[in-house]
1. Name the single residue, out of those in the range 128-154 being aliphatic (A, V, I, L, M) and in contact with a Lys or Arg (Cβ under 9 Å, 6 or more places away or on another chain), that is farthest from Ile102 (Cα to Cα).
2. Can you confirm whether Lys250 is assigned to a helix (DSSP H, G or I), over 30 Å from Ala160 (Cα atoms), basic (Lys, Arg) and at pLDDT 85 or above?
3. Cβ-Cβ below 7 Å, separation at least six or inter-chain, first residue in the range 54-68 and more than 14 Å from Arg207 (Cα to Cα), second part of a helix (DSSP H, G or I) and at pLDDT 90 or above: which pairs?
4. Does the range 170-191 contain any residue that is more than 27 Å from Leu87 (Cα to Cα), of a type outside the set (Phe, Trp, Tyr) and surrounded by 17 or more Cβ atoms within 10 Å (Cβ to Cβ)?
5. Mind checking whether some residue in the range 97-110 is under 15 Å from Trp194 (Cβ atoms) and open to solvent by 60 Å² or more (accessible area, probe 1.4 Å)?
6. Could you list all residues from the range 196-215 that are open to solvent by 50 Å² or more (accessible area, probe 1.4 Å) and free of Cβ contacts under 8 Å to residues at least 60 places away in the same chain?
7. Looking at (1) open to solvent by less than 50 Å² (accessible area, probe 1.4 Å); (2) not in a loop (DSSP other than H, G, I, E, B), can you tell me which one Pro42 breaks?
8. Among the residues of the range 42-60, what is the count of those that are within 17 Å of Val234 (Cβ to Cβ) and charged (D, E, K, R)?
Amino acid sequence: MKAQKPPIKPYVRVLLYLVSVMFWLGVWAFFSWRIGKEILLPSPLVVWEKLINLAQTPTFWRTIALTLGRIIAGCALGIALGITLGLLTGSLRYLDIFLRPIVSCVQSIPVASIIILALIWLSKESVPVFAAAIMTGPVLLGNARQAIAETPVELREMAAIFHISFLKKLRFLYIPQILPYVLSGCVAAIGLGWKAGVAAEVLSIPRQAIGTEIYNSKIYLDSAALFAWTAAVVALSICLEVLIKFSVRKLGGMFEINQKKGRGS
């Protein structure tokens, strides 16, 4: 057996991360200086100054709040529908066969096509919500369906023999089985939903949206603003991912504690 590599210490990990960030910022600054045209590639300092100026206006924070609201609403809708359909298709094979073609079709359609179709059907403000839901739903559907499929047959047969109520089966059999799949699926799905939602804003141009500001930056050839808003998107994405992972760990830990208390009683 191969010896396991020792884990990287937290402070070393942070140091390496900071060195990597500084290195790539240096690469960016070098190419910006070498090109010498801010309209093509503004320097990191110019982008930082632009971002600070934007952050000092109430419109900046209102725009971020509205974008977050739209995308979180879409992700929540997609997660709810995905888990529900995943539970149904995992339990009912005929329904799984019936819905599988449309699920595969949705997963194969390019995001741009989904957004353009949504522009025909929905209002501008609803397009990002729809795009985020469409991108998150299939991920949770697949994870929940797989979790139900991998539930041991012996446990299901035992629950049927002892006539265990549906609520108890849901609490002690199905939820512990699907929870790890659902939580890991949420981390991946929300990242996809965030990207799709911002892309939908760029194409639908709703009022006060990050995507709209990115589009306007392109129209007015304001590269500094384009990079500044993109940096805001990246920062928000990282913060959202950290928050989700923290929430997932907390939720998983709380559920394990409740399960132990339930078995003990």
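The values are calculated or read from the model by the stated rules, or taken from the named source; none is laboratory data. Quick caveat: nothing in here was measured; it's all calculated off a predicted structure. A quick note on method: Cβ atoms are made from the backbone with ideal geometry, for glycine too, and the neighbour counts reach across all protein chains shown. For the accessible areas, the whole protein counts, side chains as well, though only heavy atoms, and no ligand, DNA or RNA atoms are used. Shrake-Rupley method; radii C 1.70, N 1.55, O 1.52, S 1.80 Å.
1. Going through the range 128-154, the residues aliphatic (A, V, I, L, M) turn out to be 129, 131-135, 139-141, 144, 147-149, 153.
Next, from what is left, pick out any that are in contact with a Lys or Arg (Cβ under 9 Å, 6 or more places away or on another chain): 129, 132, 135.
Numbers: Val129: 20, Ala132: 18, Met135: 14 Å.
Filtering first and then ranking leaves Val129.
2. On the way: assigned to a helix (DSSP H, G or I): yes; over 30 Å from Ala160 (Cα atoms): yes; basic (Lys, Arg): yes; at pLDDT 85 or above: no.
Spelling it out, it is not the case that Lys250 is assigned to a helix (DSSP H, G or I), over 30 Å from Ala160 (Cα atoms), basic (Lys, Arg) and at pLDDT 85 or above.
3. Hits for this filter: Leu54/Phe60; Leu54/Ala228.
4. Going through the range 170-191, the residues more than 27 Å from Leu87 (Cα to Cα) turn out to be none.
No, that holds for no residue.
5. Our first condition is that a residue be under 15 Å from Trp194 (Cβ atoms); within the range 97-110, this holds for none.
No: the range 97-110 contains no residue that is under 15 Å from Trp194 (Cβ atoms) and open to solvent by 60 Å² or more (accessible area, probe 1.4 Å).
6. Across the range 196-215, the qualifying residue is only Tyr215.
7. So the condition that Pro42 fails would be (2).
8. Of the residues in the range 42-60, 1 are within 17 Å of Val234 (Cβ to Cβ) and charged (D, E, K, R).
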